[in-house]
Ligand SMILES: *Cc1c(COP(=O)(O)O)cnc(C)c1O
């Protein structure tokens, strides 16, 4: 389903000038992306490497592609030439590969580190201690081709808004701990949290990047 202009404008209005919108276009056809592109939107998020590569080849080069899924180390090379922001990095091994592929492509790739804030065991991400360890490792690793922009996280899938709010509040407080990092590999400013069902809570707890799919495009129909 194509995004409608009223919904798009309403969301932009709710977000205000300081919160970025990533339109999550996974499973959506190219023509739905184009409709939003024609409203002036440029940031799109995809979860699957092959789908992202195919779409990037058939769409305008000025789109900023966000990879928001779980990225396997052996697939980094396919998106390294063009990806704008890899959200959801949760291991040193993956970061090392991103740095290597970025170097091959003569560019710097922006990443967010993914924190595990939900109670579900299935979601990827680091806990607080692992995050600290990874940040220490990055500072001594001597990478030159990545830039760590901040954190991303997903709340528990639940109707209990109090739980979601607590998880986002925790993520924001951890984000704030690292704001003062003074290191060339860090440009700590992005906190990616909030999706169609919980972005309003995310906004109220300090998000500055939301990832919205179904609210913009309609429910994903899996074929
Ligand atoms: C699918 C997805 C979204 C968007 O979900 P909606 O509920 O459709 O807005 C956001 N973030 C991630 C990581 C996703 O996988």
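No value in this document is a laboratory result; all are computed from the given coordinates. All values reported here derive from a predicted model rather than from experimental measurement. When we count neighbours, we look across all protein chains shown, and the Cβ atoms used for this are built from the backbone with ideal geometry, even at glycine.
Note on 197, 159, 9: ascending count of other Cβ atoms within 10 Å places them as 159, 9, 197, the fewest first.
Using alpha carbons only, how many angstrom separate the centre of the range 116-194 from the centre of the range 21-84? A separation of 22 Å, based on Cα centres. Subtracting the Cα-Cα distance of residue 48 and residue 204 from their residue separation scaled by 0.36 nm leaves 53.2 nm. Scoring 107-117, 59-69, 135-145 by mean Cβ neighbours within 10 Å over their residues and listing the highest first yields 107-117, 59-69, 135-145.
The gain in end-to-end length when the residue 61 to residue 197 segment is fully stretched comes to 45.9 nm, 0.36 nm per residue minus the alpha carbon separation. As a rough footprinting exposure proxy, the listed residues 176, 182 were ranked by other beta carbons within 10 Å of their own, and the order from fewest upward is 182, 176.
Here the residues 211, 219, ranked from fewest to most Cβ neighbours within 10 Å of their Cβ, fall in the order 219, 211.
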